[in-house]
Every structure is written in structure tokens, then in C-alpha cells.
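Reviewing the structure listed below.
What follows is calculated from the coordinates using simple rules that are stated; it is not laboratory data. Just so it is clear, the structure is predicted and the values come from calculations on it, not from any experiment. Cβ atoms come from the backbone with ideal geometry, glycine included; neighbour counts cover every protein chain shown.
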Amino acid sequence: MVLKLVGTGILVLFSIFATPLVTYGQLTVTSESGNPPILTFKGKPVRAYGPSPQHILTYLPRGNGEDYADWLDWAVRFGYGNVRSYPPSIVVNPPAINLFERASVNPDKFNLNQFNDAYFRELRKACRQFERAGIVVHLQFWQSVHWKKKWTENYYNPLNNVNPEIAAHAGPQEFSTIANPLLLKHQIAYVHRVIDATADIGNVFYDIMNEIGNGTAANREWVDVIISAIRQKEKEDGIRVLLTLNDEGGRRMGDFSIAHPHLDLIIKDSGRYSDHVETFRQFGKPTVSVRNIDFNAAKKQRLYFYGSNNLEINKDSLLQTRGRKYWWRMYMARVAAAAGYADSVSIADTEWVPRLASKLSGLIGWSDSLTHQRKAAYRLNTLAETHFKHFNTFVEDAGDPTGLRPAQRVVIDHPVANSYCLHNDARAIIYLESPNGEAGHHYPPGHATIQGLSLHDGVYNMRVYQPDSGQQSNVKVDVHQGRISIRLPAFRDDLALLIH
């Protein structure tokens with residue numbers, strides 16, 4: 001046992017043993033037969049991809065355009081496998097259920113010492129239904145941004161609770177701090193309640209905070225205390241859970257969340273292939289992509305598929321192509337989970353006139369007067385659904401990628417900008433794409449050389465797959481000393497090859 005004394009005299013206990021007393025055995029990190037560690041669910045490698053509303057667990061069972069049961073019905077039809085969400089840190093309105101009970105002495109405020117059992121029952125029910133559908137839940141204990149953008153609605157705002165002893169140091173740019181022992185005790189009790197409600201279901205991994213420091217403090221000692229409290233609970237309850245921390249890939253705390261020995265997964269959020277591959281190679285942990293971003297390295301610009309650029313509502317074909325390429329790129333980087341946005345929307349999100357009016361009203365302080373009823377964003381864009389369906393079809397056909405090694409720039413003698421490969425001595429998956437951050441590139445039929453393969457010499461079947469249309473064809477190819485000379489068909493922006 002390793003003991004660590006932090007600034008306020010709080011003792012943090014870390015076990016030096018990696019093997020838990022008991023594991024629920026469904027969602028775990030495994031490494032077998034000399035292969036690198038991978039995230040598995042029910043004994044199979046996890047590829048938990050797809051768009052989900054980030055507030056789907058904030059508004060339970062439904063509310064503000066969110067309805068997890070309705071989303072689940074849609075998600076199952078297209079093979080989506082990922083939910084990334086968090087319980088409410090803000091006051092929610094009916095039919096949604098608040099995290100805390102209202103104070104008996106003042107029903108307009110909340111008692112932070114009284115968790116609402118009804119919320120945790122709904123949380124358990126939702127996670128259980130996701131598990132039955134084979135969907136992995138990336139459950140974040142807190143959303144840091146709610147301390148920056150929604151402080152007036154936050155439970156910890158002294159105007160919203162009757163607990164000044166807990167609310168001290170719980171405000172913006174604080175909260176994730178060890179300055180208030182009573183707040184810290186309260187936070188640990190909350191984390192334990194979430195784990196009690198969901199851990200035994202087996203499809204949940206836990207994220208200490210979404211975008212830590214982006215509204216709260218980014219305090220390393222506080223993180224260590226929370227981790228220690230969870231690991232201690234594991235020993236007491238005979239369980240093992242998976243932990244991570246979203247610091248947006250190390251934006252505020254450097255490699256702390258990436259290299260931490262007691263965090264099981266690494267979160268990156270820039271949508272860059274090399275970030276995930278190099279981080280995995282260096283630290284040996286499965287990686288997770290938390291938001292779909294397309295980065296143009298040449299222009300140093302990033303496109304965030306959010307708001308009016310939400311792939312579930314924006315029907316611009318070039319935007320949709322860039323969104324499609326994100327799923328494929330993350331797959332080739334062996335990312336375990338990649339969540340896009342399907343947040344609820346209002347007319348101000350989808351129509352330019354109301355959007356402009358809403359922005360102008362905000363500038364002059366009238367934003368509260370322009371409220372728009374929100375509705376579900378999913379089911380609005382069949383092109384996004386079709387692109388993901390084609391992607392999912394190919395991945396299912398390609399089979400289990402365990403043991404396949406990643407490589408870049410395997411395609412030469414061809415004008416395509418990027419090429420990625422997953423390969424071993426019996427199989428290879430290759431993906432060609434136009435420059436990151438761009439779309440609309442058309443490549444004519446032409447010769448290409450594939451190099452650096454581990455395949456044994458011989459004749460192989462090669463499936464040629466068009467990600468935009470789902471069309472496919474099969475050809476025979478000859479592999480000699482890891483090289484293939486082939487004529488590729490015309491394609492728009494991307495092309496996938498399966499060699500076996």
C-alpha cells in the first residue's frame with residue numbers, strides 16, 4: 001500500500017496491486033497473448049462509436065428535448081454503441097428529476113445533504129437498458145462547463161441551496177478543490193452513490209470530470225483524493241471499475257491525466273490519428289475520443305461538430321464528409337470509444353434567422369426573452385445515419401482488430417493525402433483519405449503501391465469499399481515482400497481496403 005499526504009492533511013491510499021478482488025467481468029481492460037491492452041465488453045473488443053446527446057443522463061427520464069428510451073430505439077437500428085453523459089449539476093425542470101431533494105425549510109432551494117433516490121433509480125434503469133443493447137456508457141461525474149456557463153442554475157450556487165457549509169469553495173474556478181473538507185466529503189458521497197447505482201451493471205466506465213478546469217479548478221490533489229476514495233470503495237465492496245479523466249487531452253494538467261497510474265483509460269479530443277496512436281504507444285492504455293473534431297493542420301484550424309455544425313442537423317455534404325472521415329480515422333487509430341454529439345436543438349440552432357436573432361439579443365442582454373423549445377436532434381439527418389451505417393458494415397466485415405498493428409503512409413505513388421493501415425501477417429485493413437480538415441477531393445482511377453505490409457507473400461482477396469456510397473468490389477492481389485501494386489478505382493475523399 002502506498003500512502004500519500006496531500007496539502008490539507010488528507011491521507012490518500014493507493015494500492016500497488018493492479019489485480020482487483022472481483023471484477024464484474026463485462027467492461028475491462030485486458031491484454032492477452034502478448035497483444036497490447038484493449039478495452040473489452042462481454043469478452044469482445046470495444047468499438048463504442050456513434051452520436052449521443054451529452055445531456056441524456058442529465059434529464060432523466062426525459063426533458064429539454066432528451067429522451068433516453070427514444071434515443072436507444074434509434075441507436076440500436078444503426079449500430080451506435082456509445083453514450084457519453086453526466087448527471088445534472090444544474091437545476092432541471094419536470095419531467096426530469098433533480099439530483100437532490102428540495103429543502104423542507106425552503107422548497108425553492110435544494111438540500112445538498114439529501115440525494116434524490118428517484119434520480120439514481122432512473123440512472124440505474126437507463127444504464128441497464130443500455131447494457132442490454134450492448135451500449136457502453138462513458139459516465140462523467142461532473143460537467144465542469146456548468147460552473148462557467150450555467151452558474152446561476154447550478155446546485156452549488158448559494159442562491160440554490162441551504163448548505164453554506166458545503167457551498168463554500170464550490171463556485172466557479174473552484175469546486176474541484178480540497179479547500180473545504182465538508183465539500184470534499186460530500187463529493188465523495190456523491191461519487192459512491194453513482195457507483196452504487198451503476199457499477200454492477202457492467203457497461204459503465206467513469207470519468208471524474210468533463211473538461212476539468214473549464215469552469216472549475218484543475219487541482220491534482222483533489223483528483224488524487226477522488227481516485228483514492230473510489231479505489232478504497234472497490235476494496236470494501238469487492239469490485240473493480242474503470243476510471244479516466246477528461247482534461248481535453250492534457251490541455252490544463254499536462255500529462256497528469258494521461259500518465260496517472262490509477263487511471264485506466266486516456267481521453268483525447270482533437271480527432272487526430274497520431275495523437276491516439278502515439279499516446280497508446282507511449283502509455284499503453286486504451287484511448288477514448290470524447291468529441292468529434294476535424295483538425296486542419298495546414299491551416300491550424302479545427303472544426304468542432306457541435307451546435308449548428310452538429311452532424312445530426314447540418315446537411316452540408318462537405319461537412320458530412322468530414323464527419324464521416326472522423327469515424328474511420330478513429331477506427332484506424334484503434335480508439336476504443338468515440339462519441340459524437342446528438343444534442344437537442346431548437347429552431348435557433350437549425351435556422352439562420354432565429355440563430356442570428358438569438359445572438360443579437362444576447363449581445364444586448366435580451367437572451368432570456370428569446371427562449372426556444374428544444375427537441376431531439378437525432379433522426380433529423382439521414383445522410384449522417386447512412387454514412388455511419390456504411391462504416392459499421394465495413395467494420396463488422398473486417399472482424400476483430402485485436403493483434404493488428406497500426407501504420408501510416410502505406411500508400412505511395414498515388415495523390416491521396418493520408419493512408420493508414422492495421423495489419424499482421426494474415427490480414428490488412430487500409431484506409432485512404434483526403435487531407436484532414438478538408439472535403440470535396442475527387443481522385444481519378446489510377447495506380448498505387450501499398451508498402452510496409454506484414455503479410456506473407458502470396459495471393460490475397462482484397463475488398464474495395466467506398467465509404468460514401470457503401471459500394472464494394474473484390475479483386476485478387478499479389479503480395480511480394482510486403483508490397484502490392486494495384487490500380488485503384490475513382491473515389492471521393494476516402495476509400496477502404498480489406499486484404500485477407
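Assuming a viscosity of 1.002 mPa s and a temperature of 20 °C, what translational diffusion coefficient in µm² per second does Stokes-Einstein assign to segment 306-350, Rh being the Kirkwood radius over Cα pairs?
In µm²/s, the coefficient is 186.
Going down the table (LYS299/LYS389; LYS44/LYS285; LYS42/LYS325; LYS149/LYS315; LYS148/LYS285; LYS268/LYS300), which pairs top 20 Å between alpha carbons?
As for pairs spanning more than 20 Å Cα to Cα, those are LYS299/LYS389; LYS42/LYS325; LYS149/LYS315; LYS148/LYS285.
Calculated FRET efficiency, GLU221 and VAL477, Cβ-Cβ r, R0 51 Å, to nearest 0.05? Kindly include the intermediate steps, with their values, before the conclusion.
Working: r = 56 Å, r/R0 = 1.11.
That gives a FRET efficiency of 0.35.
Which percent of Cα-Cα pairs in segment 405-499 sits in each 5 Å bin, short to long?
3, 14, 27, 27, 18, 8, 2, 0
State the three equivalent ellipsoid semi-axes of the chain, derived from the C-alpha gyration tensor as the square roots of 5 times its eigenvalues, in descending order and whole Å. List each step's numbers first, then the result.
On the way: eigenvalues 335, 154, 73 Å².
Ellipsoid semi-axes (Å, largest first): 41, 28, 19.
Please arrange VAL353, VAL83, VAL277 by counting, for each residue, the other beta carbons lying within 10 Å of its beta carbon, fewest first.
Least crowded to most crowded, the residues run VAL353, VAL277, VAL83.
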